[in-house]
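Scroll down for the structure; my scribbles are underneath it.
Bear in mind that the values in this text are calculations on the coordinates, not laboratory data. These numbers come from a predicted model, not from an experiment. Cβ placement follows ideal geometry from the backbone for every residue including glycine, while neighbour counts extend to all protein chains displayed.
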Amino acid sequence: MDIQSALMSAVQRAIAELYQQEIDVTLQPTKKEFEGLYTFVTFPLTKSLRQPPVQIGQAIGTWLTQNSPIVSGFNVVQGFLNLSITDTAWVDVLNDIAANPDFGTLPTKGESVMVEFSSPNTNKPLHLGHLRNNFLGDSVSRILKANGYDVVKTCIVNDRGVHICKSMLAYQRFGNGETPESAGMKGDHLIGKYYVLFDKAYKAQIEEMVSQGTPKEEAEKQAPLMKEVQQMLRLWEQGDPETVALWRKLNDWVYAGFDATYRSIGVSFDKTYYESNTYLLGKEIVEEGLEKGVFYRKADGSVWINLTEEGLDQKLVLRSDGTSVYMTQDLGTTDLKFQDFHNDRSIWVVGNEQDYHFNVLFAILRQLGRPYANELYHLSYGMVDLPTGKMKSREGTVVDADDLIQETTEAASTAADEAAKGKMDEFSESEKTALFQMLGLGALKYYLLKVDPQKRMQFNPAESVDLHGNTGPYIQYVHARIRSILRKAVDMGVSIEGSVSATQLGEIEQQLIFLLSQYPSRVMEAGKDLAPSYIAQYVYELAKAFNQFYDKLSILKETDSVKLQTRVVLSRTVGETIKQAMGLLGIDVPEKM
């Protein structure tokens with residue numbers, strides 16, 4: 001039963017019968033300081049009905065209490081008609097939700113959406129910024145799927161270029177045959193180490209050249225290490241066997257490291273694209289654009305597009321020596337992805353430092369007349385800082401994803417041990433390990449997802465594991481509490497399944513059922529705005545409301561059998577909805593804590 005829709009229909013009937021007018025009715029939640037659940041605003045009717053708003057509200061409210069089986073009472077505050085709902089209607093809503101295993105999953109739309117996220121470089125391990133990207137991309141994919149879309153998750157790996165050659169050259173110079181096994185390191189960590197070593201050696205060369213009178217800008221270009229990197233890139237592009245063999249070996253180590261991290265955070269992709277396979281694809285598109293007059297060639301042979309009429313500027317799409325730029329590659333890769341999947345929409349989850357790049361990419365594709373060009377979207381998100389400040393990969397000041405997961409897991413285990421006060425003794429060591437990993441990852445994901453994606457944020461590991469605040473572990477604890485109640489109910493012989501009979505409900509029970517009924521609309525809103533933060537806020541509200549319900553009303557000690565059954569079924573339904581909502585964030589919930 002959809003109370004809001006039923007109530008809107010009832011208000012429409014009241015207006016039609018009382019005033020012989022048909023209007024579209026909208027309702028809003030009643031403000032907390034007033035009694036009621038839904039509010040109908042009567043101000044817009046005063047002109048056509050030629051009556052004061054309070055008089056209109058009184059008339060409609062009286063008609064509803066006399067004629068609608070779902071309205072139990074009303075009050076009018078100026079032009080606001082606040083409506084209360086009958087207990088019978090609430091019980092019907094609870095029964096409908098409890099009996100629907102797909103509650104919160106919307107009907108299939110018959111449309112497909114591609115979500116591209118992660119996009120790591122093979123010169124370093126995933127870090128905190130990558131985690132926000134991965135969690136956003138994964139959660140948006142889950143939310144869109146719950147909204148009835150067919151979802152394809154893709155990743156493009158930046159596995160070639162100057163930055164990759166920096167790690168390769170440093171390994172060639174300083175590696176002495178070191179391997180992940182001999183170093184006792186994951187492959188991505190090992191290669192990241194050499195990326196940092198290159199930067200240190202490169203800066204030392206620059207400083208020496210500057211001390212000898214070379215201008216810094218010139219030193220940065222002429223430093224021997226930079227020259228060697230550029231030569232290595234040329235050898236790679238020419239297919240030099242030794243260079244390509246080194247590239248493959250180091251990249252394979254990195255991929256093994258990436259895969260381990262992806263498994264640990266519960267992220268996967270339907271297809272992975274590699275820049276080494278796609279960076280030349282856009283050249284044919286450049287030729288097409290020249291023929292169509294979309295691009296133009298300058299005297300030096302470089303190819304450009306003029307986007308000033310779209311509020312942008314002139315953009316290079318091919319260098320004078322015929323080599324690609326990032327834009328060239330992205331044009332080709334976007335075409336390739338459409339050819340592979342023919343998605344109705346495509347979404348890129350990329351940090352806001354690339355806002356301009358995507359504005360240009362989409363504008364070019366529109367001018368080229370691509371059939372998919374109007375359904376492209378850049379889900380831009382803000383950077384993540386730590387209390388210590390901004391991260392820099394080249395200087396080795398990034399917060400490694402694996403280390404952060406471990407740190408958060410340890411913090412979660414400490415917080416859980418302190419809160420449990422000895423109750424963790426009933427867990428085996430393997431159960432403790434699994435629980436702490438679930439809590440640590442839940443803390444990390446929830447903290448990064450509860451913030452609006454567009455906002456720059458600061459991550460505080462200690463704050464993320466608080467069992468009493470707006471955190472993942474708090475919500476996970478509420479779910480575990482509910483599962484404990486249900487186990488005890490079964491032991492008492494109380495059915496946790498089936499429907500419940502009509503009974504008198506307290507205000508907190510009504511509010512909890514109302515909040516449950518909002519879940520599908522929250523999922524729909526989160527899908528429309530691509531905002532996991534909406535789901536995070538909702539599930540926190542639900543968990544907090546359940547704790548208030550738990551504190552104010554007896555559940556298993558209730559002597560009225562109908563009320564006992566109602567509260568147990570209500571608890572089960574809240575628990576299942578918490579589990580489903582947290583699942584949309586990619587977060588697992590424990591059976592016990």
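Just a few scattered comments:
- Sites matching GluC sites (Glu not before Pro) across region 476-541 that sit in DSSP coil, with at most 13 neighbouring C-beta atoms within 10 Å: 497
- Likely footprinting exposure, 272, 573, fewest C-beta neighbours within 10 Å first: 272, 573
- Low-density loop positions, trypsin sites (Lys or Arg not before Pro), region 85-158 - DSSP coil, at most 15 other Cβ in 10 Å: 109
- Residue order, fewest to most beta carbons within 10 Å, for 592, 579: 592, 579
- The H on the amide N of residue 385, modeled in the peptide plane, is under 5 Å from the matching H of 457, 458, 459, each at least 5 residues off or on a different chain.
- Alpha-carbon centroids, region 253-311 and region 415-470: separation in whole Å: 38
- Globularity ratio of region 161-252, using Cα Rg and 2.2 N^0.38 Å: 1.16
- Residues whose amide H falls under 5 Å from that of residue 73, counting only those 5 or more places apart or on a different chain, are 84, with hydrogens built in the peptide plane.
- Label-to-label distance, residue 17 versus residue 173, with points set 7 angstrom from Cα along the beta-carbon direction: 8.6 nm.
- Calculated P(r) of region 3-85 - Cα pairs past 21 Å, %: 16
- Rounded, prolate or oblate (a/c below 1.5 giving rounded, otherwise prolate when a/b exceeds b/c) for region 429-524 by Cα gyration tensor: oblate
- Between residue 556 and residue 375, the FRET efficiency estimated from the beta carbon spacing at R0 = 56 angstrom works out to 0.60.
- The trypsin sites (Lys or Arg not before Pro) found in region 1-95 that occupy coil by DSSP, while having at most 16 further C-beta atoms within 10 Å, are 31, 32, 50.
- FRET efficiency for residue 96 and residue 9, using Cβ-Cβ distance with R0 set to 22 Å, rounded to 0.05: 0.85
- Highest-first packing order for the peptide set 423-429, 228-234 is 228-234, 423-429, based on the mean count of other beta carbon atoms within 10 Å.
- Label of the coordinate-derived value, Cα extents along the principal axes in Å, listed as (i) 76, 73, 53; (ii) 96, 48, 47; (iii) 90, 66, 43: (iii)
- In this rough spin-label picture, where each label sits 7 Å from Cα along the Cβ direction, the residue 541-residue 252 distance is 5.3 nm.
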